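Single-structure report; data block below.
Every number in this text was worked out from the coordinates using simple rules, so none of it is lab data. Source: prediction; values computed, not measured. Glycine gets a Cβ as well: all are built from the backbone with ideal geometry, and neighbour counts include every protein chain shown.
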Amino acid sequence: MKIKTVFAGLVMAAIFMPATSAQETSRERQPKTTQETSPTSTDRTVNIQLSERGGLAVPENLLDLKTLSLAFWIKFRGTNQRVYFFVNEAAQFHAYAQVCKRHELNISQGPIIKLANRYIQAAIPAHYDEPEYELLDPLSKKQQQDFFEDMAGDLYAFEYGFRFAEQMQKIKGSGLTKKLYCEGVEKEFKLSYIALRATAMRRLAEFDEPAEKK
């Protein structure tokens, strides 16, 4: 089954806001091939495929595709589209809960992280162009899903690590002890958690609802 078909429903369910997507802009461009003389030899050349999408190389295997997927995520993660916004806020709260362990919240992050991963899986293929689809199309549906689940885990781990480092830097920059800093932001993150969990429970229920009831 073609990857475009497999993930079309999930992308639509994620409800991107009407900003221009990476796929929309990149479809207008085609890869080009240039030649570069080897620095150690004058009698041979090396063909180097370049992509005009910010100079990113065209992937030749799934490992390349993983590296490219992270580069795309970093490029688009700061937009105001719902997918990125939710993942960013989920990772930010996750980092807060790890740094500031003393609070009154009875935290259950499972649904929040689950929705964040589903949103990431929806966002990843929206960044791709024909070279990426050519690598994924020959794979079975299960292999495609395994790839996107693995990639979603990697990207969430990256986002969480980024937010954790950000929290630690904020504490250092505030000039406060960690205890005082955490007390100062507790109300803000309590409200964030309530909103994140409500969104996660609602959206996951919508995803899991039988199609005939929608």
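Brief remarks follow.
- Sorted by Cβ density within 10 Å, fewest first, the residues Phe164, Phe93: Phe164, Phe93
- In this simple spin-label model, placing a label point 7 Å from the Cα along the Cα-to-Cβ direction at both Ala157 and Phe207 gives a separation of 2.0 nm.
- Solution diffusion estimate, µm²/s, Stokes-Einstein, segment 59-183, Kirkwood Rh from C-alpha pairs, 10 °C, viscosity 1.306 mPa s: 99
- Taking 0.36 nm per residue of separation and subtracting the Cα-Cα distance, full extension of the segment from Arg102 to Glu149 would add 13.7 nm.
- Stokes-Einstein translational diffusion, segment 70-137 - Kirkwood Rh over all Cα pairs, 1.306 mPa s, 10 °C, in µm²/s: 116
- Two numbers describe the Cα atoms of segment 132-191: Rg and Dmax, which are 19.2, 55 Å.
- Take 56-63, 80-87 and order them by the average number of nearby Cβ atoms within 10 Å per residue, most first; the result is 80-87, 56-63.
- Listed values for segment 178-187 are Karplus-derived 3J(HN,Hα) couplings in whole Hz (6.51 cos²θ - 1.76 cosθ + 1.60, θ = phi - 60°), namely 4, 4, 5, 4, 4, 5, x, 9, 4, 5, and x replaces Gly and Pro.
- Cβ-Cβ FRET estimate between Gln169 and Ile194, R0 fixed at 30 Å, reported to 0.05: 0.70
- Counted by neighbouring Cβ atoms within 10 Å, the residues Thr177, Thr199, Thr67 run from fewest to most as Thr177, Thr67, Thr199.
- Note, ³J(HN,Hα) from phi for segment 85-95, Karplus 6.51, -1.76, 1.60, rounded to Hz, x at Gly and Pro: 4, 5, 4, 4, 5, 4, 5, 5, 5, 4, 5
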